[in-house]
1. Which sequence of L63, L37 reflects their accessible areas, 1.4 Å probe, from the largest down?
2. Take E29, E78 and sort them by solvent-accessible surface of the protein heavy atoms, 1.4 Å probe, largest at the top.
3. If each of A54 and E81 carries a label point 7 Å out from its Cα toward its Cβ, how far apart are those two points in nm?
4. Keeping all protein chains in place and using 1.4 angstrom, which order do H52, H105 fall into by accessible surface area, from largest down?
5. Could you sort 67-75, 41-49, 81-89 so that the peptide with the highest average Cβ count within 10 Å comes first and the rest follow in order?
6. Amide H neighbours of A35 under 5 Å, at least 5 residues apart or on other chains, H built in the peptide plane: list them.
7. Starting from the Cα of E90, step 7 Å along the direction of its Cβ; do the same at E29; then give the gap between the two resulting points in nm.
8. If amide H atoms are built 1.01 Å from N in the plane of the peptide, which residues on other chains or at least 5 residues away come under 5 Å of the amide H of K46?
Amino acid sequence: MATSLSTMALPLTWREILLTYYVIYRNDERAGGPAGLFVMDSGAGKAILWDHRAREWAVDTGLVARFVDDYRNIDRYETVERAEAEAVAEVVTGGGRLPDEHRIHALLAAAPADGR
């Protein structure tokens, strides 16, 4: 019996491919270094970010989508590989770590359908 790709659970290695890491800067000159970090799962259509006020990783797909889709911010972010995102996470969190892929997917899965 054949199983369609759409009904198969993807192994984490495939799910990792769907994660995009965005380094956020305060301005388009990128002075002062990174100011934030977003992680988007394009397959799930959800995203997490470092919440500076709550001092934790939080799901806020709407904010991430609005920021990335706003043409005025095109010079205020860049996509990076996970290794660079891990280094940036230590800077923007004040020494904290970027959640591993399992934790990122758990945060996204626990979020309501509207991505908040």
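The values are calculated or read from the model by the stated rules, or taken from the named source; none is laboratory data. All values reported here derive from a predicted model rather than from experimental measurement. Here Cβ is always computed from backbone atoms with ideal geometry, including for glycine, and neighbour counts include all displayed protein chains. Ligands, DNA and RNA are stripped out before the accessible areas are found, and what is left, the full protein with its side chains, is counted by its heavy atoms. Shrake-Rupley method; radii C 1.70, N 1.55, O 1.52, S 1.80 Å.
1. My answer, sorted largest first, is L63, L37.
2. In descending accessible area the options line up as E29, E78.
3. Roughly 3.1 nm, to one decimal.
4. On the way: H52 95, H105 15 Å².
Highest to lowest solvent-accessible surface, that is H52, H105.
5. 41-49, 81-89, 67-75
6. Correct list: I24, Y25, R26.
7. 2.8
8. Under 5 Å from the amide H of K46: D41.
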